[in-house]
Amino acid sequence: MVRAAGLAAIVLSAIGTLGGYENFLVAVVLGGIIQVLLGVLKAGVIGYYFPSSVIKGMLTGIGIIIIIKQIPFFFGYDKSVENISLESISLGSTLIGVIGLAILLLWDKVLSKKGKIFQIIQGPLVAVVVGIIFYVITQGNNQFGINAAQLVSVPVPESFDTFLGQFSFPNFDAITNKDVWIIAFTIALVASLETLLCVEATDKLDPDKNVTPTNRELLAQGTGNIISGLIGGLPITQVIVRSSANIQSGGKSKLSAIIHGFLLLISVILIPTLLNKIPLSVLAAVLLIVGFKLAKPALFFQIYKQGLKQFLPFIVTVLGIVFADLLIGIGLGLSVGIVVILFKSYQNSHFLHIEDKSNGLHKIKMSLAEEVTFFNKGAILKELDSLPENTYLELDVRKTRYLDNDIIEILEDFAFKAKERNIDIKLISERGIVENPSSFIEFFKLRPKAS
């Protein structure tokens, strides 16, 4: 199965574009190779350049989507019924969903704190077992019975040869097709970006605050995609749902993911019939808990209290993911974050203090920030242009460690205009005081650079 929303649309269109599934598998293999190269080139550092507010927004948006998508399964919604009503809801699915939800909450809030046994045997496993028992007991019951459409559906091979027959292999004759390479690069970039963002988000969820080696993650995922493509699998990427469920269940190391993979393989091979007796509403209950923990209402209030600088990128990311797509939401949140940074930089480039207005002489002190870049041009230019005639300006640059050349040019131009407006300039720096400097460019060229 495709692991992330960003890849879903790519896979859907790529199979048709490339003229067959076997041709698409070549793109998956090549995408994996490109990811390995990205890991070798240390491209994993990209994930660290996304603001914390965007990462939290991504987690929250994914949590909301999980909740929304699991509600129909929780109630056993029957799509064949035209209007949503009690007739379209399965009483059996709803009942066992509620029971499963109660078991999960009881396990999480009460039993897990009562003894070691309740930590070893996890609540989701108990809920699934109870769900299977409920299905077997109510089978054939018109009121509480659960039909096949509301159960897990895993292919049941008749023999081992039939099982092996489910695998497909790439058609490497298509490797010269330029569309294959375009899709391969697309898969590699989208999968890598989603993975790096999920890695950053997972590290934030980790109670032990471990830091995932991102370059190794790209190497591992690239290797996984190569193998997946060679045996007929779809492209993979890290997703926050399984990672979150793993953390919430007490997983501490990569061993939990390895055992998870082996258990899936063994279960699909040995007990597919038993798996097909699990009600989807029970699994929905498990995911509702996961989604709620990712999108707690308290988180919205917590980030809102941190100010608009944090809240705006957060809420835009959430809305973008919920109403559009994962990558679109992240892109919107990042864009808003950059705009907020630019605006704050515009505001915080300088401090202006009017000291005296006596005798018609405006004495004004302007202190520049520690770092002043071209982002601050607009704010500083606006303040200088608004100075009235007959002004005595003290320009304090003692705290300034970096002054962009664009700002120096603005000061140079202002010094020329100041003479016409009868504005005297007193420049205060760590080198001393200069009255009406003849050239700001020459002054800052001779000024010693901060170590």
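For this structure, a couple of remarks:
- Yes/no for residue 98 being in a helix (DSSP H, G or I), touching a Gly at 6+ places or on another chain (Cβ under 9 Å) and modelled with pLDDT of 85 or more: no
- Any hit, region 281-297, residues being without any contact (Cβ under 8 Å) to a residue 60 or more places away in the chain, of a type in the set (A, V, I, L, M) and either over 13 Å from residue 66 (Cα atoms) or in the same structural domain as residue 245 (by TED's automatic domain parsing) (or both): no
- Residue 225 being among the polar types (S, T, N, Q), buried (at least 23 other Cβ atoms within 10 Å of the Cβ) and within 26 Å of residue 15 (Cα to Cα): yes
- Qualifying positions in region 405-431 - of a type in the set (Lys, Arg) and not in a helix (DSSP H, G or I): 421, 426, 431
- Some residue of region 78-100 being more than 23 Å from residue 242 (Cα to Cα), touching a helix residue (DSSP H, G or I) at 6+ places or on another chain (Cβ under 6 Å) and surrounded by fewer than 16 Cβ atoms within 10 Å (Cβ to Cβ): yes
- Residue in region 129-151 that is buried (at least 17 other Cβ atoms within 10 Å of the Cβ), modelled with pLDDT of 85 or more, over 30 Å from residue 62 (Cα atoms) and among the hydrophobic types (A, V, I, L, M, F, W, C) present: yes
- Residue in region 205-221 that is part of a loop (DSSP other than H, G, I, E, B), surrounded by 15 or more Cβ atoms within 10 Å (Cβ to Cβ), out of contact with any strand residue (DSSP E or B) (no Cβ under 7 Å at 6 or more places or on another chain) and modelled with pLDDT of 90 or more present: no
- When 214, 237 are checked against the criterion of being within 29 Å of residue 20 (Cβ to Cβ), within 21 Å of the chain's Cα centre (by Cα) and of a type outside the set (A, V, I, L, M), a single residue qualifies: 237.
- Note on region 163-204: among residues that are of a type in the set (S, T, N, Q) and assigned to a loop (DSSP other than H, G, I, E, B), the one that is farthest from residue 245 (Cα to Cα) is 177.
- Count - residues of region 228-272 that are surrounded by 12 or more Cβ atoms within 10 Å (Cβ to Cβ), under 28 Å from residue 70 (Cα atoms) and of a type in the set (A, V, I, L, M): 10
- Scanning region 423-437 for residues that are of a type outside the set (Val, Ile, Thr) and surrounded by 12 or more Cβ atoms within 10 Å (Cβ to Cβ) yields 424, 426, 427, 429, 431, 436, 437.
- Whichever residue in region 166-201 is free of Cβ contacts under 8 Å to residues at least 12 places away in the same chain and among the charged types (D, E, K, R) and, among such residues, is surrounded by the most Cβ atoms within 10 Å (Cβ to Cβ): 173
- Identity of the residue in region 162-178, β-branched (Val, Ile, Thr) and more than 34 Å from the chain's Cα centre (by Cα), that ends up farthest from residue 20 (Cα to Cα): 162
- Count of region 381-404 residues which are surrounded by 13 or more Cβ atoms within 10 Å (Cβ to Cβ) and assigned to a strand (DSSP E or B): 7
This table checks each residue for (1) within 29 Å of residue 26 (Cα to Cα); (2) touching a helix residue (DSSP H, G or I) at 6+ places or on another chain (Cβ under 9 Å).
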| residue | (1), (2) |
| --- | --- |
| 202 | no, yes |
| 234 | yes, yes |
| 239 | yes, yes |
| 265 | yes, no |
| 281 | no, yes |
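- The selection criterion, being among the basic types (Lys, Arg), exposed (fewer than 11 other Cβ atoms within 10 Å of the Cβ) and at pLDDT 85 or above, holds for residue 109.
- Evaluation of residue 355 against (1) at pLDDT below 85; (2) out of contact with any strand residue (DSSP E or B) (no Cβ under 7 Å at 6 or more places or on another chain); (3) not aromatic (Phe, Trp, Tyr) (one fails), failing number: (2)
- Listed by first and then second residue, the pairs with beta-carbon distance under 6 Å, at least 6 apart or on different chains, first residue in region 422-436 and in the same structural domain as residue 394 (by TED's automatic domain parsing), second among the aromatic types (Phe, Trp, Tyr), are 424/392.
- Filtering 139, 119 for residues that are over 15 Å from residue 288 (Cβ atoms), in contact (Cβ under 8 Å) with a residue 60 or more places away in the chain and either out of contact with any Phe, Trp or Tyr (no Cβ under 7 Å at 6 or more places or on another chain) or not assigned by TED's automatic domain parsing to the domain that holds residue 284 (or both) leaves a single hit, 119.
Yes/no per residue for (1) modelled with pLDDT of 85 or more; (2) under 17 Å from residue 443 (Cα atoms); (3) not acidic (Asp, Glu):
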residue	(1), (2), (3)
366	yes, no, yes
374	no, no, yes
379	no, no, yes
382	no, no, yes
392	yes, no, yes
404	no, yes, no
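The values are calculated or read from the model by the stated rules, or taken from the named source; none is laboratory data. Nothing here was measured: the structure is a model prediction, and the numbers come from that model. A quick note on method: Cβ atoms are made from the backbone with ideal geometry, for glycine too, and the neighbour counts reach across all protein chains shown.
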